[in-house]
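The values are calculated or read from the model by the stated rules, or taken from the named source; none is laboratory data. Nothing here was measured: the structure is a model prediction, and the numbers come from that model. Cβ: placed from backbone, ideal geometry, glycine included. Neighbour counts: every protein chain shown.
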């Protein structure tokens, strides 16, 4: 199942929160939705879920309009925690699963399995309000998953989690994606998004600034820069026409070159002079790409 957001726009008074937004959430893939505060992420997610209506545009499932019945099968985790604080964790998960139509036995099995995988089994009989913020976050994730959803929409799922807890949650979300579930998640932790997500959507000022497969975006927004490692002297690179921004250190060098034939010739020359240990293009991080596209959009707005 592919969820297709098509030309969504939404205003709040004079503020245009979303402006002709389009992107896909594909099955079996984790899609990272990144943008600054007020960029439009939460508004877009709520429109996908039917919590808000769009002024124009549509949300489709495999080419047809999403229905209320479709959305009931989605799992949603809001940025603001929405569990009942004075209810026990396991009891609440079972209750939510039953609301989605699971039998009593299925609900208990799903709740117990998720508590175990999210390392909360020992807190299942505790009140939600007694949990740490990180454990409340895990319980909220369990609530989004307990009914075996057909799609997942998660707003800041890693907020308040320490690095070990992030890894635990990643394993659970990756398992859901491996089972064919389309997953959309927003996060300000760009290093986690870059490590986890297959696809990326960058939004700024209510508009999509970049979208696509993670590796494709990194290649598209990275300069033609390469790193080469060898046991021979590389100082001759500084006098090679066509190479730019050359940096040489012990046993390695980086350089920019847009002529692929010349790059291949450099690699061949290094190999002829000694052992070639490594050669690869240097890719920019998601944080660097994010800063670039947001800065470009701001300049376009000013002009």
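Taken over the range 3-15, the residue count meeting the criterion of being surrounded by 15 or more Cβ atoms within 10 Å (Cβ to Cβ) and assigned to a loop (DSSP other than H, G, I, E, B) is 0. Each residue in the range 48-80 was checked for being at positive phi and in a strand (DSSP E or B), and 1 of them qualify. If the condition is being farther than 22 Å from residue 196 by Cα, surrounded by 13 or more Cβ atoms within 10 Å (Cβ to Cβ) and modelled with pLDDT under 80, then the range 265-303 contributes 296, 297.
Residue check, residue 45 against (1) surrounded by fewer than 20 Cβ atoms within 10 Å (Cβ to Cβ); (2) in a helix (DSSP H, G or I), all met but one. Which one? Every listed condition holds for residue 45 apart from (1). Considering 185, 164, 152, the condition of being under 10 Å from the mean Cα position of the chain (by Cα) and either more than 18 Å from residue 78 (Cβ to Cβ) or surrounded by 18 or more Cβ atoms within 10 Å (Cβ to Cβ) (or both) is satisfied by 185 alone.
Could you please find all residues in the range 102-117 being farther than 12 Å from residue 90 by Cβ and surrounded by 15 or more Cβ atoms within 10 Å (Cβ to Cβ)? Steps first, answer last, please.
The first filter runs over the range 102-117 and keeps only residues farther than 12 Å from residue 90 by Cβ, leaving 102-106, 117.
Those that are farther than 12 Å from residue 90 by Cβ and surrounded by 15 or more Cβ atoms within 10 Å (Cβ to Cβ): 102, 106, 117.
Consider the range 246-261 and keep the residues that are exposed (fewer than 15 other Cβ atoms within 10 Å of the Cβ) and more than 21 Å from residue 231 (Cα to Cα). The one that is nearest to the chain's Cα centre (by Cα) is 258.
Looking at 15, 114, 66, 99, which is the one that is in the same structural domain as residue 212 (by TED's automatic domain parsing) and modelled with pLDDT of 95 or more?
None of the other options fit; the residue is 114.
Within the range 37-67, being touching a helix residue (DSSP H, G or I) at 6+ places or on another chain (Cβ under 7 Å) and closer than 24 Å to residue 289 by Cβ holds for no residue. Applying the criterion of being over 17 Å from residue 159 (Cβ atoms) and surrounded by fewer than 16 Cβ atoms within 10 Å (Cβ to Cβ) to the residues of the range 70-83, the residue that is nearest to the chain's Cα centre (by Cα) is 73.
Considering every residue within the range 16-35, establish whether at least one is assigned to a loop (DSSP other than H, G, I, E, B), touching a residue at least 12 places away in the same chain (Cβ under 8 Å) and farther than 23 Å from residue 177 by Cβ. The answer is no, given that none of the residues of the range 16-35 is assigned to a loop (DSSP other than H, G, I, E, B), touching a residue at least 12 places away in the same chain (Cβ under 8 Å) and farther than 23 Å from residue 177 by Cβ. How many residues are touching a helix residue (DSSP H, G or I) at 6+ places or on another chain (Cβ under 9 Å) and under 18 Å from residue 274 (Cβ atoms) when one looks only at the range 219-228? So the count comes out to 2. Checked against (1) buried (at least 21 other Cβ atoms within 10 Å of the Cβ); (2) under 22 Å from residue 29 (Cβ atoms), residue 206 passes all but condition (2).
Sort out which residues of the range 84-123 are in a loop (DSSP other than H, G, I, E, B), more than 28 Å from the chain's Cα centre (by Cα) and in contact (Cβ under 8 Å) with a residue 24 or more places away in the chain, and write them in order of number. Break it down stepwise before answering.
In the first step, residues of the range 84-123 are kept if they are in a loop (DSSP other than H, G, I, E, B); the result is 84-87, 100-103, 118-120.
Right, trim to more than 28 Å from the chain's Cα centre (by Cα) and you get 85-87, 101-103.
Within the range 84-123, 85, 86, 87, 101, 102 meet the criteria.
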